[in-house]
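Just below is one structure, and these are the notes that go with it.
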Amino acid sequence: MPESRKNVTILGSTGSIGRNTLEVIGRHNDLYGVFALTADTNIQQLLEQCHQFEPRFAVLQNTDAALQLAELMAEQGAKTTVLGGLEGLLEVASHSECDYVMAAIVGAAGLKPTLAAVESGKRVLLANKEALVMSGALFMDAVKKSGAEVLPIDSEHNAIFQCLPDGFKTKDIRRILLTGSGGPLLREPLDQLKYVLPDRACAHPNWKMGRKISVDSATMMNKGLELIEANWLFDVKMDRIEVIIHPQSIVHSMVEYQDGSILAQLGSPDMRTPIAHGLAWPNRIDSGVASLDFSALGQLLFESVDMERYPCLRLAMEVLAAGGSLPTVLNAANEVAVQAYLDELICFTDIPVIIESVLERSDTPAAHSIEEILEIDRITRRSAQGMIETAHRSQ
Ligand code: NAD
Ligand code: MG
């Protein structure tokens with residue numbers, strides 16, 4: 001019997017992952033229907049997506065923007081119901097008629113909606129790594145309790161998942177090799193890093209992504225967040241995860257077994273592949289991604305990480321080793337520092353300096369509830385913001 005059509009909610013449908021998800025879904029209207037689309041403030045783009053995919057719900061986090069969208073929808077006689085604010089996001093993430101939730105809001109803003117999807121036992125396609133990094137054990141406990149099916153969309157974790165025959169079980173493995181391109185500044189002279197402007201830092205050589213994760217790739221904080229993400233998803237300790245630079249982003253990660261066998265997942269750097277994998281698992285569907293041309297590729301390149309170039313990666317490693325609530329602090333300080341850099345308030349090399357100073361002032365005990373996590377997030381943001389303002393005034 002053919003499987004029933006799945007209703008999908010896309011949290012963050014106007015972003016890079018959200019748009020790619022809609023593209024994959026658009027190829028398989030027989031298998032997937034769009035249940036809800038959500039965004040922060042972008043009325044026009046959400047309106048266009050609603051015209052094309054006719055979801056049951058559209059949600060804008062910004063309530064004023066939601067009111068405007070509702071008026072436009074009513075004028076056009078559209079059937080989509082518009083909701084606003086966090087309440088709206090929580091409703092569509094946990095709605096009983098929704099089967100799959102693509103968690104693709106960027107940053108800590110995605111925590112509550114993603115958790116709502118987890119707690120209601122959905123298949124959760126996890127792109128929003130910050131949600132898992134900041135809530136770690138509590139997130140994984142919620143997964144266990146509800147029986148939610150969390151499938152990694154981050155290309156590295158999706159690759160690791162594909163290289164583990166038992167899904168998340170890491171029995172008999174020697175190590176995980178987490179690949180990273182090194183970003184657009186891999187060859188930038190170290191003394192020039194401080195002058196790199198946001199547009200350059202965001203010009204990733206292989207991936208087209210939102211600006212926050214693009215800066216994270218340039219600092220390799222992205223790999224640091226991914227180390228923490230892998231630690232939770234696959235239950236492997238840090239000493240069995242190795243980060244290796246692979247500038248071409250063709251090998252998305254590898255798993256080495258005790259007998260010396262290494263399984264790798266390869267493919268063009270195109271997020272439609274992990275998205276299609278997560279949607280269809282355990283089956284396979286067409287993602288629209290073209291075949292790799294190996295003879296054009298010629299060779300695959302690897303090198304070790306120069307830790308002097310990427311202090312953010314070192315900070316993430318230290319935080320993962322120390323544990324407690326430091327990952328929450330790391331994530332919040334990074335979000336604030338990256339935004340300040342994108343707003344041209346600080347320079348590229350200030351990002352790790354701010355994060356490190358915030359970490360030095362922070363307490364480490366583990367949080368016992370999501371409210372505690374959100375409180376740590378708030379306190380850290382204030383502290384990082386204060387540091388940026390002080391630095392700015394003294395310039
Ligand atoms: P993006 O900036 O392109 O899109 C972010 C989306 O989140 C938008 O739809 C935006 O409207 C929504 N959003 C932003 N702030 C919000 C808020 N406060 N409340 C509600 N919605 C809000 O980001 P992206 O590149 O698509 O990344 C999304 C997530 O996926 C991130 O966590 C990122 O780390 C992860 N990810 C992205 C890629 C990629 O290739 N882009 C790869 C791996 C993982
Ligand atoms: Mg990744």
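Could you check the stretch 1-24 and list, in sequence order, the residues that are aliphatic (A, V, I, L, M), surrounded by 24 or more Cβ atoms within 10 Å (Cβ to Cβ) and either under 20 Å from Ala65 (Cα atoms) or away from ligand 1 (no atom under 16 Å from the Cβ) (or both)?
Passing the criteria: Ile10, Leu11.
Find all pairs meeting these conditions: Cβ atoms under 6 angstrom apart; at least six residues apart or on different chains; first residue within the stretch 99-119 and closer than 20 Å to Ile379 by Cβ; second residue assigned to a loop (DSSP other than H, G, I, E, B).
Cβ pairs passing all conditions: Gly110/Asn128.
Quick check on my filter: what residues within the stretch 175-218 are outside any loop (DSSP other than H, G, I, E, B) and basic (Lys, Arg)? Step through it out loud before you land on a result.
Step one: list which residues in the stretch 175-218 are outside any loop (DSSP other than H, G, I, E, B), which gives 175-180, 190-195, 198-201, 211-218.
Selection gives Arg175, Lys194, Arg200, Arg211, Lys212.
For residues that are basic (Lys, Arg) and either away from ligand 1 (no atom under 16 Å from the Cβ) or at positive phi (or both), tally how many sit in the stretch 125-166. Before the answer, list the steps.
Taking the stretch 125-166 first, the residues basic (Lys, Arg) are 129, 144-145.
If we keep only those that are either away from ligand 1 (no atom under 16 Å from the Cβ) or at positive phi (or both) too, we end up with 144-145.
Final tally of qualifying residues: 2.
Within the stretch 25-60, can you find the residues that are in a helix (DSSP H, G or I) and open to solvent by 60 Å² or more (accessible area, probe 1.4 Å)? Explain how you work it out, then say what you get.
The first filter runs over the stretch 25-60 and keeps only residues in a helix (DSSP H, G or I), leaving 25-26, 43-53.
Scanning the stretch 25-60 gives Gln44, Glu48, His51, Gln52.
All but one of (1) at pLDDT below 95; (2) exposed (fewer than 15 other Cβ atoms within 10 Å of the Cβ) hold for Ser362; which doesn't?
Checking Ser362 against (1) at pLDDT below 95; (2) exposed (fewer than 15 other Cβ atoms within 10 Å of the Cβ), the one that fails is (2).
Under 9 Å between Cβ atoms, which residue pairs at least 6 apart in sequence (or on different chains) link something in the stretch 70-88 that is touching a residue at least 24 places away in the same chain (Cβ under 8 Å) with a partner that is more than 16 Å from ligand 2 (Cβ to nearest atom) and of a type in the set (Phe, Trp, Tyr)?
Within 9 Å, the pairs are Thr80/Phe57; Thr81/Phe57; Val82/Phe57; Leu83/Phe57; Gly88/Phe57.
State which residue is farthest from Ala322 (Cα to Cα) when the search covers only the stretch 347-395 and only residues that are over 21 Å from the mean Cα position of the chain (by Cα) and among the basic types (Lys, Arg).
Arg393
In this structure, does Ile250 turn out to be more than 28 Å from Ala337 (Cα to Cα), touching a strand residue (DSSP E or B) at 6+ places or on another chain (Cβ under 6 Å) and β-branched (Val, Ile, Thr)? Give the derivation first.
Working: more than 28 Å from Ala337 (Cα to Cα): yes; touching a strand residue (DSSP E or B) at 6+ places or on another chain (Cβ under 6 Å): yes; β-branched (Val, Ile, Thr): yes.
For Ile250, the condition - more than 28 Å from Ala337 (Cα to Cα), touching a strand residue (DSSP E or B) at 6+ places or on another chain (Cβ under 6 Å) and β-branched (Val, Ile, Thr) - is met.
Out of curiosity, is Lys122 buried (at least 19 other Cβ atoms within 10 Å of the Cβ), away from ligand 1 (no atom under 16 Å from the Cβ) and at pLDDT 95 or above? So that I can check it myself, show each step before the final result.
Values: buried (at least 19 other Cβ atoms within 10 Å of the Cβ): yes; away from ligand 1 (no atom under 16 Å from the Cβ): yes; at pLDDT 95 or above: yes.
Answer is yes for this residue.
Which one of the conditions (1) of a type in the set (Lys, Arg); (2) surrounded by fewer than 19 Cβ atoms within 10 Å (Cβ to Cβ); (3) modelled with pLDDT of 95 or more; (4) closer than 28 Å to Met140 by Cβ does Lys237 fail to meet, given that it meets all the rest?
(3)
Which one is farthest from ligand 1 (Cβ to nearest atom), of the residues in the stretch 168-209 that are open to solvent by less than 10 Å² (accessible area, probe 1.4 Å) and on the phi > 0 side of the Ramachandran plot?
Gly182
Taking the stretch 223-232 on its own, how many of its residues are away from ligand 1 (no atom under 13 Å from the Cβ) and within 15 Å of Leu138 (Cβ to Cβ)?
Qualifying residue count for the region: 2.
Of the residues in the stretch 121-149, how many are within 26 Å of Ser96 (Cβ to Cβ) and within 16 Å of ligand 2 (Cβ to nearest atom)?
Kept after step one, since they are within 26 Å of Ser96 (Cβ to Cβ), are these residues of the stretch 121-149: 121-128, 131-132, 135, 138-149.
Then drop every residue that is not within 16 Å of ligand 2 (Cβ to nearest atom), which leaves 125-128, 131-132.
Total meeting the criteria: 6.
The values are calculated or read from the model by the stated rules, or taken from the named source; none is laboratory data. Model, not experiment: these values are computed from the prediction. We place every Cβ from the backbone using ideal geometry, glycine too, and count neighbours over all the protein chains shown. Protein only, heavy atoms only, side chains kept; ligands, DNA and RNA dropped before computing areas. Shrake-Rupley method; radii C 1.70, N 1.55, O 1.52, S 1.80 Å.
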